[in-house]
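The values are calculated or read from the model by the stated rules, or taken from the named source; none is laboratory data. Given the structure is predicted, the values throughout are model-derived calculations rather than measurements. Cβ placement follows ideal geometry from the backbone for every residue including glycine, while neighbour counts extend to all protein chains displayed. When the accessible area is computed, the model is the full protein with side chains, heavy atoms only, and any ligands, DNA or RNA have been set aside. Shrake-Rupley method; radii C 1.70, N 1.55, O 1.52, S 1.80 Å.
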Amino acid sequence: MFSQQVFPGRQKSIILFYYVLFAVGLILPQVGYSQSYKIEFKSLQNHFKSLHQDVELDFEKAAERADQALQEGQEADAMIRLKVAKANEIDKLRKVASESGSVSRKFYQAAIANLNNPKQANEELVCTALYRLTIYAYKAKDFREAQVLGEYLSREFPEHPYSIQSARATMYAYFQVFNQVQDDEKKEVAPMMASFIEYIGTRWSDTDLGKEAWTRLADVALVLGDRQQARDIAQKLPKDSLRRAEILTKLALADYADFIKAQRDAGENADPASSQAQRTQLKESLSEAAIAFRRLAAQPTYTLVSAELALAQIYNQEGQFDFAERLIETPQKGLLPLARANHPAIKGPTNRTLQQEIYKVSMEMYLGTEQYEKAKEMLELLAGENQTPEAMIAMQLSLAKQMSDKLEELRDQGATPDSMKGTLNGLTALLSQIAEQGKDLKFGSLSWIGTTSQRIAKERDADGVLLEEGTAKAYQLAATIYETILSKTEADPNFTTERYLAGIQIRLAQTYQRLGKFEEALSPLILVLEAYPQNLEAQQTGAEIYQDWARRLQSDNEIRVAIQRYEQAVEGSSPTSKGLETSGEKLIWGWSTLTSRARTNSKFQEVFSEARYQLLYCQYRIALLREQPENVQKIADTIENLYRREPTLGGEVWLQRYDRLYQTVRKSLRLDPQPLAAINQ
């Protein structure tokens, strides 16, 4: 009401004027604002005069009439509650009780309108009128009016008992006004609000209100982006002060939010080492602040819960699930008990609740520690009551995609598979659960689950002969999904298109290859190559299957068959869907033919580079297994000649791979394992 009528066209100019003075430091905030609050109070008096021209009473008589209305309302209410009123008087008493507040407010406003010199009037009467009007306005949500009245009372009559009570209401009113204005106006209101809050902190420094004021002032500094001021405020408070701990926790949260935004903006350009160092430092700051806050706080607060939630998220991301579990499951005060109880501490100042985020971080922790029943419970809490099976599957998919995106962010920030091991396990478990429950999933969802599982497996795959358990689980899940797609397509040819089907068959072959199921791997690949013999991805996969097969046989000491498989990887093979070898051009080309066919097309440079390298690698293995040192020497000579002709060998990655292979070959010849760079020296 007041904010819309008292300063038409003038309010913003006054605010802007004093904000500029405040910002450039031409005058102290208190000095500039001391004039402003008096101007605003005078404007409010004029506003009250225009509202109550019908009240022809001086200040004291109007104030007495206001007090009388208040007392009449209180008496009427008491008579109704104590049941001492006569039956025919109850309706009249109820009317008096309900209207007394508005009548009292009206006459107090009229009294203030006719208050010509507050300092010369009856101080008790003035302070009572100002205080009651402040409370009336605040309860009516006329926060601008409450702020002006309360500040005038607090500054002009600081020794009166009503002053400190009024100051508290004024501070809260300021924040209500601040929250209601547009973002571009917040920085105009904030310095004026800061001036008054600093006045409270200084004037009543030894009281709870004074200590709260410093915390509020730090909040304003954070809004203005002045974190150094917030830190300076914290330093003014005792080290064991709850308010200090709260300010430092908010600073740590603000720094962490900036870090997350910067990492998201940088994407793949983020420096892994720098990101990890910053994350570690921020984790320590958050942990230190939250521990101090938790120790001093009698009850959890929104700020504390926010900090511990951020910490739990970091611990989950880094696979430190035992630390996350402590924050989540601590009885009564842990994140999960608070969320289950819908504790006030999980609700923010704008009614934002952390409940869903707590359930989500808890679910990720349970997945990471393979507590699947608890993870399922968290998922059900996230979904809410009365969810259909289809809606549950949709939510599971959504959460899995969010976890996948988070892993992508961590990869961009330089996280290693080992540091993400728990999260990778958790995502695999969630995908497996979705696959088990989602019997009627469409092609797009099944394909995403399969490719995501395969990507997780590849990321963890050390390219060894034996797979770590979690890696094998991810590959097996991918294979199961791909088989499901193929069986659904066989039952319903419209389930997916022929083009997509070929991609699924290739990926199925790749997963069976890494699971060591080489004959099963060839089956879907043969179907693709019989239909699309020029498909280079399928051809490359065929050569890789034979090469991996040879490695497995070699590790089992089946040397003769291992040599045959290495030769098939080099020269190709002609299996058919009926399990027979055919004459003529080989169905699977092998690395030799793949190298010559990809060499002439610049679009297939990466395929050519891979095929050329693997061709030499397999030839080296054959020569080594056949104990033919002269052929091993030929491999070394070939690598040297390649390096002389093409010093980059296709790029830095390939140069490193050739360098390692060259040194390995020389070692097997009992020669000094010199690097390629030594050749031209």
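Hey, among Phe48, Phe107, Phe41, which residue is in contact (Cβ under 8 Å) with a residue 12 or more places away in the chain, more than 17 Å from Val148 (Cβ to Cβ) and aromatic (Phe, Trp, Tyr)? Explain how you work it out, then say what you get.
Working: Phe48 fails: more than 17 Å from Val148 (Cβ to Cβ); Phe41 fails: more than 17 Å from Val148 (Cβ to Cβ).
Of Phe48, Phe107, Phe41, the one residue that is in contact (Cβ under 8 Å) with a residue 12 or more places away in the chain, more than 17 Å from Val148 (Cβ to Cβ) and aromatic (Phe, Trp, Tyr) is Phe107.
State which residue pairs qualify: first residue assigned to a helix (DSSP H, G or I) and inside the stretch 659-675, second residue open to solvent by 50 Å² or more (accessible area, probe 1.4 Å) in any location, beta carbons under 6 Å apart, and separation of 6 or more residues or different chains.
Hits for this filter: Asp659/Pro675.
Taking Leu26, is it touching a Gly at 6+ places or on another chain (Cβ under 9 Å), at pLDDT below 50, assigned to a loop (DSSP other than H, G, I, E, B) and closer than 27 Å to Glu198 by Cα?
Judged against the criteria, Leu26 is a match.
Open to solvent by 10 Å² or more (accessible area, probe 1.4 Å), touching a residue at least 24 places away in the same chain (Cβ under 8 Å) and hydroxyl-bearing (Ser, Thr, Tyr): which single residue out of Ser453, Ser445 fits that description?
Ser445
Looking only at residues in the stretch 564-583 that are at pLDDT 95 or above and of a type in the set (A, V, I, L, M), which one is nearest to Thr511 (Cα to Cα)?
Ala569
Gly470 - would you say it is within 21 Å of Pro417 (Cβ to Cβ), open to solvent by less than 40 Å² (accessible area, probe 1.4 Å), part of a loop (DSSP other than H, G, I, E, B) and touching a Lys or Arg at 6+ places or on another chain (Cβ under 9 Å)?
Answer is no for this residue.
Residue check: is Ala678 surrounded by 17 or more Cβ atoms within 10 Å (Cβ to Cβ), without any contact (Cβ under 8 Å) to a residue 24 or more places away in the chain, hydrophobic (A, V, I, L, M, F, W, C) and over 21 Å from Glu537 (Cα atoms)?
no
Between residues in the stretch 273-300 that are within 21 Å of Arg231 (Cβ to Cβ) and residues that are of a type outside the set (Phe, Trp, Tyr) and assigned to a loop (DSSP other than H, G, I, E, B), which pairs lie under 7 Å by C-beta distance while being six or more apart or on different chains?
From residues that are within 21 Å of Arg231 (Cβ to Cβ), the pairs are Leu296/Asp240.
Only one of Ala611, Ala623 is more than 46 Å from the chain's Cα centre (by Cα), assigned to a helix (DSSP H, G or I) and closer than 18 Å to Gln547 by Cα; which? Lay out the reasoning, then the answer.
Values: Ala611 fails: more than 46 Å from the chain's Cα centre (by Cα).
Unique residue meeting the criteria: Ala623.
Kindly check whether there is at least one residue in the stretch 456-471 that is touching a Ser or Thr at 6+ places or on another chain (Cβ under 7 Å) and under 26 Å from Ile563 (Cα atoms).
Yes; the residues of the stretch 456-471 include at least one that is touching a Ser or Thr at 6+ places or on another chain (Cβ under 7 Å) and under 26 Å from Ile563 (Cα atoms).
Determine whether Gly516 is under 39 Å from the mean Cα position of the chain (by Cα), closer than 28 Å to Leu446 by Cα and not in a helix (DSSP H, G or I).
Judged against the criteria, Gly516 is a match.
Can you pull out every residue in the stretch 589-607 that is surrounded by 21 or more Cβ atoms within 10 Å (Cβ to Cβ) and part of a helix (DSSP H, G or I)? Please lay out each step first, then the result.
Taking the stretch 589-607 first, the residues surrounded by 21 or more Cβ atoms within 10 Å (Cβ to Cβ) are 589-591, 594-595, 598.
Residues satisfying the conditions are Gly590, Trp591, Leu594, Thr595, Ala598.
Please go through the stretch 326-341 and pick out each residue that is open to solvent by 50 Å² or more (accessible area, probe 1.4 Å) and under 15 Å from Glu377 (Cβ atoms). Even if it seems obvious, please write down each step before you answer.
Step one: of the stretch 326-341, the residues open to solvent by 50 Å² or more (accessible area, probe 1.4 Å) are 326, 329-333, 340-341.
Answer for the stretch 326-341, where residues must be open to solvent by 50 Å² or more (accessible area, probe 1.4 Å) and under 15 Å from Glu377 (Cβ atoms): Glu329, Arg340.
Being buried (at least 18 other Cβ atoms within 10 Å of the Cβ) and closer than 20 Å to Arg552 by Cβ is the filter here, so list the residues in the stretch 616-642 that pass it.
Scanning the stretch 616-642 gives Tyr617, Cys618, Gln619, Tyr620, Arg621, Ile622, Ala623, Leu624.
Pick from Ile526, Ile563, Ile545: which is open to solvent by less than 30 Å² (accessible area, probe 1.4 Å), in contact (Cβ under 8 Å) with a residue 60 or more places away in the chain and within 23 Å of Leu625 (Cβ to Cβ)?
Ile563
Out of the residues in the stretch 349-383 that are in a helix (DSSP H, G or I) and either hydroxyl-bearing (Ser, Thr, Tyr) or in contact with a Cys (Cβ under 8 Å, 6 or more places away or on another chain) (or both), state the one that is nearest to Leu431 (Cα to Cα).
Narrowing the stretch 349-383 to residues in a helix (DSSP H, G or I): 355-368, 372-383.
So of that shortlist, the ones also either hydroxyl-bearing (Ser, Thr, Tyr) or in contact with a Cys (Cβ under 8 Å, 6 or more places away or on another chain) (or both) come out as 359, 362, 366, 372.
Working: Tyr359: 18, Ser362: 17, Tyr366: 14, Tyr372: 12 Å.
Step by step, filter the stretch 349-383, then rank; the result is Tyr372.
Checking the structure you have, find out if any residue of the stretch 133-152 is farther than 26 Å from Val220 by Cα, among the aliphatic types (A, V, I, L, M) and at pLDDT 85 or above.
Yes: the stretch 133-152 contains one or more residues that are farther than 26 Å from Val220 by Cα, among the aliphatic types (A, V, I, L, M) and at pLDDT 85 or above.
For the stretch 291-310, how many residues are open to solvent by less than 10 Å² (accessible area, probe 1.4 Å), out of contact with any Ser or Thr (no Cβ under 6 Å at 6 or more places or on another chain) and under 16 Å from Phe323 (Cα atoms)?
3
Residues being surrounded by 18 or more Cβ atoms within 10 Å (Cβ to Cβ) and without any contact (Cβ under 8 Å) to a residue 24 or more places away in the chain: count how many of those fall in the stretch 490-502.
Of the residues in the stretch 490-502, the ones surrounded by 18 or more Cβ atoms within 10 Å (Cβ to Cβ) are 496, 501-502.
Okay, now just the ones that are also without any contact (Cβ under 8 Å) to a residue 24 or more places away in the chain, so 501.
Selection size over the stretch 490-502: 1.
Name the pairs: first residue in the stretch 595-612 and over 17 Å from Gln534 (Cβ atoms), second residue among the hydroxyl-bearing types (Ser, Thr, Tyr) and outside any loop (DSSP other than H, G, I, E, B), Cβ to Cβ under 6 Å, at least 6 apart or on different chains?
Close Cβ pairs (under 6 Å, with a partner that is among the hydroxyl-bearing types (Ser, Thr, Tyr) and outside any loop (DSSP other than H, G, I, E, B)) amount to Arg612/Thr595.
Considering only the stretch 138-165, state which residues are outside any helix (DSSP H, G or I), at negative phi and under 45 Å from the mean Cα position of the chain (by Cα).
Ala140, Asp142
So is Asp91 in contact (Cβ under 8 Å) with a residue 24 or more places away in the chain and part of a helix (DSSP H, G or I) or not?
no
Return a yes/no flag: does the stretch 352-361 have any residue that is in contact with a Phe, Trp or Tyr (Cβ under 8 Å, 6 or more places away or on another chain), open to solvent by 60 Å² or more (accessible area, probe 1.4 Å), at pLDDT 80 or above and hydrophobic (A, V, I, L, M, F, W, C).
For the stretch 352-361, residues in contact with a Phe, Trp or Tyr (Cβ under 8 Å, 6 or more places away or on another chain), open to solvent by 60 Å² or more (accessible area, probe 1.4 Å), at pLDDT 80 or above and hydrophobic (A, V, I, L, M, F, W, C): absent.
Report the residue count in the stretch 186-198 for those that are acidic (Asp, Glu) and open to solvent by less than 40 Å² (accessible area, probe 1.4 Å). Write out each step before concluding.
First, pick out the residues of the stretch 186-198 that are acidic (Asp, Glu): 188, 198.
Pick out the ones that are also open to solvent by less than 40 Å² (accessible area, probe 1.4 Å) and you get 188.
Residues flagged as acidic (Asp, Glu) and open to solvent by less than 40 Å² (accessible area, probe 1.4 Å) within the stretch 186-198 amount to 1.
Which fully enclosed helices (runs of 4 or more DSSP H) of the stretch 237-324 have 2 or more residues being of a type in the set (Phe, Trp, Tyr)?
By residue number, 242-266, 302-317.
Go through the stretch 199-224 residue by residue and tally those that are open to solvent by less than 60 Å² (accessible area, probe 1.4 Å) and either β-branched (Val, Ile, Thr) or within 19 Å of Ser285 (Cα to Cα) (or both).
Here the count works out to 7.
Among the residues of the stretch 384-391, are any surrounded by 21 or more Cβ atoms within 10 Å (Cβ to Cβ), without any contact (Cβ under 8 Å) to a residue 60 or more places away in the chain and either of a type in the set (Lys, Arg) or not in a loop (DSSP other than H, G, I, E, B) (or both)? Can you show your working first?
We begin by selecting, within the stretch 384-391, every residue surrounded by 21 or more Cβ atoms within 10 Å (Cβ to Cβ); these are none.
For the stretch 384-391, residues surrounded by 21 or more Cβ atoms within 10 Å (Cβ to Cβ), without any contact (Cβ under 8 Å) to a residue 60 or more places away in the chain and either of a type in the set (Lys, Arg) or not in a loop (DSSP other than H, G, I, E, B) (or both): absent.
Can you find, within the stretch 408-426, the residue that is farthest from Ala273 (Cα to Cα) among those that are within 17 Å of the chain's Cα centre (by Cα) and crowded, with 21+ Cβ neighbours inside 10 Å?
Thr423
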